[in-house]
Each structure stands twice: as structure tokens, then as C-alpha cells.
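Structure first, then comments.
The values are calculated or read from the model by the stated rules, or taken from the named source; none is laboratory data. Remember, it's a predicted structure, so these values are computed and weren't measured experimentally. Here the Cβ positions follow ideal geometry from the backbone for every residue, glycine too, while neighbour counts run over all protein chains shown.
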Amino acid sequence: MKNEEKKEITIEKMVSFCKRRGFVFPSSEIYGGFAAVYDYGPMGVELKNNLERMWWKDMVQRREDVVGLDSAIFMHPTTWEASGHIDGFDDPQIDCRDCKTRMRADHMVEAFGINADKMTADEINKQIEKLEKEDKKLKCINCQSENLTPAKNFSLMVKSNLGSPTDKLSEENVVYLRPETCGGIYLNYKNVMDTGRVKLPFGIAQTGKAFRNEIIARQFIFRTREFEQMEMQYFLNPKEMDKKYEEWKETRWNWYLEYGIKEENIRWYKHEKLSHYAAQAYDIEYNFEALGGFKELEGIHQRGDWDLSQHSKFSGQKLEYRDPITEETFIPHIMETSAGLNRMVFAFLHDAYTEEDVDGETRVVLKLDKRIAPVKVAIFPLQKNKEELVEKAREIYKELSSHYMCEFDESGSIGKRYRRQDEIGTPYCITIDFETVEKDDSVTVRDRDTMKQERVKVKDLKQFFSQNL
Ligand code: ATP
């Protein structure tokens with residue numbers, strides 16, 4: 001008897017599950033760890049790569065109006081002056097004078113029901129004064145002390161040095177690790193245009209690493225200092241903005257549903273306070289129960305002509321577009337879809353994680369969409385000391401693994417092997433038994449979700465999986 005039940009998901013449960021099953025490991029663990037950086041294990045890297053592949057397929061491969069790019073992480077430092085990151089890419093921070101914990105000041109006042117989105121440190125200090133008049137005091141999240149510094153702005157840019165060797169890090173050769181991937185898209189807009197293969201409206205998409213010196217408090221892979229983004233910048237005539245913006249909002253919303261996110265777990269968040277260049281900004285938020293509720297997963301924002309105008313001004317290059325039909329000349333406006341791949345991994349794990357009561361025992365199963373599951377087929381010889389079973393199982397593994405990510409497992413009871421595959425979300429398990437080798441050359445195929453088993457002829461396996469995976 002199967003009794004499906006979604007149990008509470010806590011951060012401790014997710015962290016320990018992800019480590020135990022090889023999804024996510026803390027960075028540099030043998031040296032005591034390294035804050036807010038994580039590594040992806042054998043299962044995590046598959047899940048992450050699958051999500052990225054699906055995104056690329058839907059955002060680039062299947063679209064006539066979007067092309068791909070892979071720009072470098074290091075860029076000319078003026079890029080970040082032009083984009084406003086050097087002067088204004090800050091988060092407000094508060095430090096605890098007693099235990100030295102550093103905290104996000106905006107998140108601390110938000111705990112009192114204040115919307116602190118995009119507030120500066122000064123604005124937050126005013127809010128804190130108001131709260132104090134009402135006898136409400138901010139407390140350190142670690143030691144509960146009220147002995148806190150005022151809020152101050154803290155740059156999120158990660159600095160490095162490049163160029164001629166220096167004996168110490170000097171200010172001379174400062175470069176920044178990119179805080180977002182879209183910078184490289186703006187700088188290559190002209191190069192892509194000059195290939196002559198695109199005309200407005202069109203998008204440039206890229207995925208890759210980004211770095212931010214984040215102030216973090218126990219958010220696992222939701223907020224890290226090194227992370228991956230999947231961004232698409234869509235260049236258009238401003239007259240088309242509203243129509244295209246609605247189309248892209250719908251496309252991105254449906255993308256999450258297509259890959260199995262439950263609709264009740266996502267919602268729109270409309271930014272009330274906008275950057276000076278933006279006309280509209282919405283985020284898709286996911287209900288990260290382990291983090292206490294809905295939080296940003298992807299931003300879908302209108303950016304006006306700010307980016308190209310700024311880079312044109314700072315570089316002295318013309319970044320205008322001349323419409324071949326109307327002969328109108330203008331700087332294209334941009335709308336972006338900007339998603340975090342690591343947050344996506346977290347959201348999909350979160351959504352798929354299920355605990356079921358099966359005959360009085362708890363079965364943990366990751367109900368991931370088959371396309372993103374790390375392993376598609378697990379192959380088991382019934383007994384590991386029976387050569388003929390192992391040999392046959394290896395033959396099947398060899399054949400299927402050139403088409404799908406497969407796992408060969410011969411250790412422990414079949415029941416235990418099923419449990420392990422359920423926990424990593426493997427849609428199908430194949431067992432090779434004595435009947436296979438002695439009688440009918442068929443195997444047992446077991447379905448992760450229904451737990452039903454059926455016999456399939458070995459010669460029909462390829463066709464079975466091409467229909468079901
Ligand atoms: P937040 O408000 O959560 O700090 P943001 O608004 O600064 O995020 P954007 O600059 O819009 O984020 O970045 C686009 C996407 O990149 C986000 O929706 C998120 O999925 C991802 N992202 C941003 N910062 C981080 C981070 N530190 N760790 C992991 N993913 C991130």
C-alpha cells in the first residue's frame with residue numbers, strides 16, 4: 001500500500017540529503033569548508049547539466065530569433081563602470097559587534113514587514129530609527145545581541161588582478177570577476193549584428209559563472225558567492241516592448257511547468273521600486289519551503305536602452321540599429337530573462353522531493369521529470385556472484401549507456417538498490433534474473449513512480465526507452 005505524503009522540507013534535511021546522495025557538497029570540506037561556495041557531486045552535475053541543456057534547447061536551439069554566446073569571465077574593467085556596478089552594486093550590511101556576524105540589513109528590516117527592496121543603507125537606517133521609536137529592536141541572527149552597527153553599503157564586486165606579475169596585489173591591474181553574465185552579451189551585441197545573420201527583434205543567450213561577494217546566512221545553494229546564470233537579452237524596437245515582454249513572461253512561466261514544477265509553487269512578484277532605466281520588472285518566485293517561503297528564481301525585466309547607451313558612451317562606439325525597412329535609426333531596447341542555474345537545481349530538487357509511506361516504511365523518491373533526472377536507467381544483475389547474470393547485465397549496460405546516462409549496480413538486495421535509485425530520481429530500473437539467461441531473454445523493468453514491474457524482451461529495450469524517456 002502506497003500512501004503519498006509530502007513531509008515538511010527543512011534546510012537541514014535538504015543539505016544532508018544532497019550530500020548523502022552526491023548532489024551537492026560543501027566546498028573545501030576537508031579544510032573545514034569555505035563559506036557560501038558549493039561543489040556539485042556525481043548526481044548534482046548531471047541534474048545541473050540537464051537543466052542547462054533543456055534551457056539551451058528551448059531558448060536557443062528551438063528559436064529562430066535567439067542565438068548563443070560564450071563570453072569570457074574577465075572583461076575590460078570599464079565595462080563595470082559603464083554599467084554602474086562599480087559605484088552602485090551594493091548590499092546594505094549590519095555587523096554584530098559581539099559575535100561579528102555580518103547580516104543583510106534589508107532582510108533584517110523586512111522581518112518587520114517593511115518592503116526594503118533596493119533600499120540604500122541610509123534609507124534602512126531611517127527605517128531602523130522608526131522601528132526603535134515603536135520599541136522594536138533588530139537582533140543578531142546568530143547570538144540575539146542588540147549591539148549592532150548601523151547599516152552600511154557593501155560592494156558585491158569580486159576583485160582580482162591580471163597582467164604583469166606583481167609581488168602583491170596592487171590596485172593597478174584590478175579586474176573584476178563578472179557579477180552577471182549579461183555584460184558580455186551587451187559588449188558583443190555589435191559583433192553578433194555584424195555577422196549579418198540577425199535582425200531585430202532578436203535575443204542573445206548565454207550561460208556561465210558569475211561572482212558576488214554576498215553576505216550570506218544559511219541559504220545553501222540559493223545564494224552563493226560563485227554561481228551560474230542562464231541569461232537571454234532580447235534586443236528590440238521600443239514599440240514592440242510590451243507585446244514581446246508579455247510573450248516572454250508567458251514563455252518562461254510555462255517553461256517551469258513543462259519540466260514539472262507544480263504551479264502552486266511559483267508566483268509572480270512585481271517590483272514596485274524600479275531601477276531608473278526600467279519600465280517593468282517581474283520575478284518568478286519559487287516557494288522554497290526550506291528557506292521559509294517564496295523567493296526569486298528568475299527575473300524578467302525591461303531594461304530600456306540603458307545598457308547599450310552606456311556602453312556606447314563609455315566606449316565611443318556606435319551601437320545603433322538602422323531598420324532596413326523603415327530606415328529608422330535608434331538604440332535597441334532590451335528585455336531580459338535572467339535565471340540562476342543553482343537556484344533552479346534547488347527548486348527542482350525541492351519540488352521533486354517526496355516521502356511516501358509504503359507498507360509502513362518511508363520511501364524517499366525524487367519525482368524529477370525524466371528529461372532532467374541524473375540517471376535514466378539503472379541496471380541490476382539479481383545476484384552479484386552469478387557470472388552469467390553479471391555478464392548479461394554488463395552487456396545491456398554497454399548497449400544502453402551509449403544512449404542514456406545509466407548506472408550499473410550489483411551491491412545489496414534488490415529492494416535496497418531500488419531505494420537508492422528512487423532517492424536520486426532514476427525513472428527506470430532493470431533487473432536481470434535467471435529467467436533472462438535461462439529462459440526468455442526478457443528482463444524486469446520497474447517504474448519509479450508507480451513501482452509497477454513489467455517484463456520486456458532484451459531486444460525491445462531500446463524501443464521501450466525511446467518511447468518512455
Ligand atoms: P537577489 O535579490 O536574490 O539577490 P538579484 O535580484 O540580485 O537576486 P539578479 O541580479 O536579478 O538577482 O540575478 C538574476 C538571477 O541570478 C536571480 O534570479 C538568481 O536566480 C540568480 N542569482 C543572483 N544572485 C545569486 C547568488 N548569489 N547565488 C545564486 N544565484 C544567484
Looking at this structure, is Asn265 under 17 Å from the mean Cα position of the chain (by Cα) and either surrounded by fewer than 15 Cβ atoms within 10 Å (Cβ to Cβ) or away from the ligand (no atom under 12 Å from the Cβ) (or both)? yes
Qualifying positions in segment 268-315 - within 16 Å of the ligand (Cβ to nearest atom), within 26 Å of Arg343 (Cα to Cα) and assigned to a helix (DSSP H, G or I): Ala290, Leu291, Asp307
Residues that are exposed (fewer than 12 other Cβ atoms within 10 Å of the Cβ), within 28 Å of Ile300 (Cα to Cα), in the same structural domain as Val66 (by TED's automatic domain parsing) and not aliphatic (A, V, I, L, M): does segment 166-178 have at least one? no
Suppose we filter Asn213, Asn191, Asn142 for residues that are surrounded by fewer than 20 Cβ atoms within 10 Å (Cβ to Cβ), of a type in the set (S, T, N, Q), closer than 26 Å to Ala82 by Cβ and modelled with pLDDT under 95; which single one remains? Asn213
Give me a count of the residues in segment 352-385 that are in contact with a strand residue (DSSP E or B) (Cβ under 9 Å, 6 or more places away or on another chain), over 14 Å from Asp449 (Cα atoms) and surrounded by fewer than 23 Cβ atoms within 10 Å (Cβ to Cβ). 4
Which listed residue is part of a helix (DSSP H, G or I) and either surrounded by fewer than 17 Cβ atoms within 10 Å (Cβ to Cβ) or touching a Ser or Thr at 6+ places or on another chain (Cβ under 8 Å) (or both), from Glu423, Glu407, Glu454, Glu391: Glu391
Of Gly44, Gly68, which residue is under 21 Å from Asp422 (Cβ atoms) and either surrounded by 19 or more Cβ atoms within 10 Å (Cβ to Cβ) or modelled with pLDDT of 95 or more (or both)? Gly44
Looking at the structure I just gave you, is Glu129 in a helix (DSSP H, G or I), away from the ligand (no atom under 16 Å from the Cβ) and not assigned by TED's automatic domain parsing to the domain that holds Glu296? yes
Quick one: which strands (runs of 3 or more DSSP E) lie wholly within segment 316-379 and hold at least 2 residues that are not assigned by TED's automatic domain parsing to the domain that holds Phe23? 353-358, 361-366
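Per-residue answers, yes or no, for (1) of a type in the set (D, E, K, R); (2) surrounded by 15 or more Cβ atoms within 10 Å (Cβ to Cβ); (3) away from the ligand (no atom under 16 Å from the Cβ); (4) under 23 Å from Glu355 (Cα atoms):
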site	(1), (2), (3), (4)
Thr10	no, no, yes, yes
Val15	no, yes, no, yes
Cys18	no, yes, no, yes
Ala36	no, yes, no, no
What is the one condition in (1) on the phi > 0 side of the Ramachandran plot; (2) within 16 Å of the ligand (Cβ to nearest atom) that Asn115 does not satisfy? (1)
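If we only count strands (runs of 3 or more DSSP E) wholly inside segment 49-109, which ones have 3 or more residues that are in contact (Cβ under 8 Å) with a residue 12 or more places away in the chain, more than 23 Å from the chain's Cα centre (by Cα) and under 30 Å from Asn147 (Cα atoms)?
Passing ranges, in order: 90-95.
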Here the residues within segment 212-241 that are part of a strand (DSSP E or B) and either more than 9 Å from the ligand (Cβ to nearest atom) or free of Cβ contacts under 8 Å to residues at least 24 places away in the same chain (or both) are Met232, Gln233, Tyr234, Phe235, Leu236
Within segment 189-200, is there a residue that is out of contact with any Pro (no Cβ under 6 Å at 6 or more places or on another chain) and within 14 Å of the ligand (Cβ to nearest atom)? no
Scan segment 389-400 and tell me whether some residue there is assigned by TED's automatic domain parsing to the domain that holds Lys462, touching a Leu at 6+ places or on another chain (Cβ under 6 Å) and over 22 Å from Arg20 (Cα atoms). yes
